Structures are given as structure tokens and as C-alpha cells.
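Just so it is clear, none of the values below were taken in a lab; they were calculated from the coordinates. Note that this is a predicted model, so its numbers are computed, not measured. Note that we place each Cβ from the backbone using ideal geometry, even for glycine, and neighbour counts take in every protein chain shown.
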Amino acid sequence: MTDLQTSDLQTSDLQTSNLRTCDLRTCLHGLWLPLVTPFRNGELDEASLRRLVRHYAGLPVNGFILAATTGESLTLKREETERLVFAVRDEISRARKLSVCLGLSGSNTSALLDTLDRTAAWPIDGYLISCPYYSRPSQLGLERHFNALADRAAHPVMLYNIPYRTGVNLGNEAMLRLADHPGIVGLKDCSDDREQSLELLRRRPAGFTVLTGEDAQYHEALIDGADGGILASAHIETETFALVWKLLMAGERDAALSCWRSVADLTRLLFSEPSPAPIKYWLWRAGLIDSAEVRLPMTEVSAGLAARLDLEIERRSAVSIADTAHHGLA
């Protein structure tokens, strides 16, 4: 069977099986994982991908973002992205129901509209769409771009504002007008401007979700009123990142702060070289993926960072063993 025939079969199966899990408007909160894309020998490693999904489906995450920055989206071929989505959804269907969003990016509005059409029948719950990069459009251009995409999208849209990657900042006035669009349900906020984020949290309309994408500022953002986070670092110590959110939602601020302090340094370590190489190295050492391979222009971690990561893996493993032994004796 050809790849095209396989794709047609997947789409046909989807249309009769209703694999989507939720209305994104009701489940866009808590901890979301921008899943890495495993590679081996230059190819998509579907066996490792499925192992990852099974692992995280057993942990307190609310959903996955696929083919985003952490998933090395710009290096994926079109057919790889489709395989990725269908494999993840298939694996989820065998375990706990989790929401899935597809990451999209680009500076050609027309091409993105075509992508929305092509992926309309895919088993996803929504899209995460970043601001156009490099071209640096005006605020009016950003508004028209996202309105056109949301008008066409078959699934709800979450915006992604990350000016230090794209070269353009989606300001709050434009953001708030876009938040009135019925198809735009939230924001992944990486503005790296706390005042802008605070103002948006104060002025956002009811039902508009804000998730932080700044791993090192996760606790601070939740204190400020963010609804959760999309955190690459949460590939590691996932339960701890989820517990920070849960404790804060329960009003247990001291416990949440103590919990956060146990992983705060981890966020800096995992971003000390370009992501997702350090995360992939850790996952490979943990046996969750079969290779730490990344695609150019990304490169593997340096020998120095690998040594630091190994030490931290050993330290956290020792702490975990000690905690298990303590609770076993209690």
C-alpha cells in the first residue's frame, strides 16, 4: 500500500470513528506537553514515539502539542507530520483520553490556509499557531492573518506569541480583539514581558485561556493568574510540574513553592543548550527513546552538558530511590 493510500485510509477511518477527545475550550488548562519527535537513523522513530505517549498517558498531563518547536516541526516532512499525529492519536485511544493540538507556523497566510484545509479531518482537537516569523508584520497584519486562519480552521485555535523567536510581538490590543473571535480560544504566552502578560490576564474575556510557555517562569505565571503551562521541561519530573499547578489551584501556596523549587533549576539546565537536544538526551538515557538524535540545524548536546545531565539524572534517581525506601518503611 502506498503512503497516499495509507493516508486516505487513515482519514476515512477517522471520519467514522470520532477520535477527538474534547472541546478545546473546556480542557485547555493545567499541564500540556510539547512532545519531542523521536528520530533514529534520520527517520521518524515511531516505536519510540508510541513508547513516549504510553508513558505520558500514565502521568498527569492534560494534553500534547505535536510538531511544535520542541517537536522540531521545521524539519518534519509533510508525511512525517501526518504519521506523527495518527500514531499519537492511535496510542492515546488505547489509554487515557488526552487532548492533542497540532503546531503550525509560517509567514505565508495562504499556505497556512491550505494546511488547515489539508489537516481538517485529522484526529486533533485544535491548533497552536505561532506569529509569522521573519517578515515582522504590523499589528493590523497579525490581526488579519490570525482572523483569516481562525475563519478557516475546522478546530479551535490557540495563538502562540514568542517574539524572541519570530521577531514580532503580538500586542495586547490586537490580542484582545482576536480573543473575541469564536474560533480563537487561548494563548501560549512567551512574550517574556511580565507587565504585558499581567495586563492581558487582567483584561482577557471570560473563557479565553492563557498558558505560559516560559518554563523558568511557570510558578510566577501561575501566581499571576495563568491557567497552566505548555512546558518542554515537563518531559522530566512531569508529576512535579503538574503538582505545582494542582497545589496552587487548591490554594496551597507554600507547598506549591516548595514543589517548584525542586524543579526550578531543572528548567535552566534543560535549556542551557538549544532545545530539544538536552531533553532528548535525558529521555534517551532514561530509556524512553532509542536515540537522542536531532535534525540539523540542531546538534546533539556537548560533552560538557552531557556530563552535567548524567550527574543530574543520577542525583534525581538516587533521591527517588531514597524516597521510595522511606515511604516503604513508613
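Quick one: compute a quarter of the convex hull surface over the Cα atoms of the stretch 144-230 and quote it in nm².
Reported value for the Cα convex hull: 5.4 nm².
What length, rounded to one decimal in nm, is gained on full extension from Ala47 through to Glu220, with 0.36 nm per residue of separation minus their alpha-carbon distance?
This chain segment gains 58.6 nm when fully extended.
Which whole-number percent is the relative contact order of the chain (Cα, under 8 Å, 6+ apart)?
Value for the chain: 17 percent.
Just the isolated ones, please: cysteines in the chain lacking another cysteine beta carbon under 4.7 angstrom.
Cys101, Cys131, Cys190, Cys259
Treating cross-link reach as a plain straight distance, find the aspartates and glutamates whose alpha-carbon is under 17 Å from the alpha-carbon of Lys97, omitting any fewer than eight places away in the same chain.
Partners within reach: Asp23, Asp125.
Straight-line reach from Lys246: which aspartates and glutamates have Cα under 19 Å away, leaving out those fewer than 8 places along the same chain?
Straight-distance partners of Lys246: Glu214, Asp215, Glu220, Asp224, Asp227, Glu237, Asp254.
Set the Förster radius R0 to 56 Å, insert the Cβ-Cβ distance between Glu300 and His181 as r into 1/(1 + (r/R0)^6), and round the FRET efficiency to 0.05.
Efficiency, rounded to the nearest 0.05: 0.85.
Compare the peptides 142-153, 198-209 by average per-residue count of other Cβ atoms within 10 angstrom and give them in order, highest first.
With the highest mean Cβ count within 10 Å placed first, the list reads 142-153, 198-209.
Could you work out the local net charge near Leu309, counting Lys and Arg as +1, Asp and Glu as -1, over the other residues with Cβ closer than 13 Å to its Cβ?
So the surrounding residues net to 0.
Calculate the all-directions average of the projected area of the chain's alpha-carbon convex hull, and give it in nm².
The directionally averaged projection comes out at 17.4 nm².
Report, in whole Å, the centroid distance computed from the Cα atoms of the stretch 202-245 and the stretch 260-310.
Cα centroid of the stretch 202-245 versus Cα centroid of the stretch 260-310: 21 Å apart.
So which lysines can Lys280 reach, going by Cα to Cα under 24 Å and dropping same-chain residues fewer than 8 places off?
Lys77, Lys188
Which of Val319, Val185, Val53 ends up with the largest GNM mean-square fluctuation for the chain, with Cα atoms connected below 10 Å?
Val319
Taking only the Cα atoms of the stretch 30-93, how large is their convex hull per residue, in Å³?
Convex hull of Cα atoms, per residue: 73 Å³.
Restricting things to alpha carbons, tell me how big the stretch 171-275 is in terms of Rg and Dmax, in Å.
In Å, with Rg to one decimal and Dmax whole: 14.2, 39.
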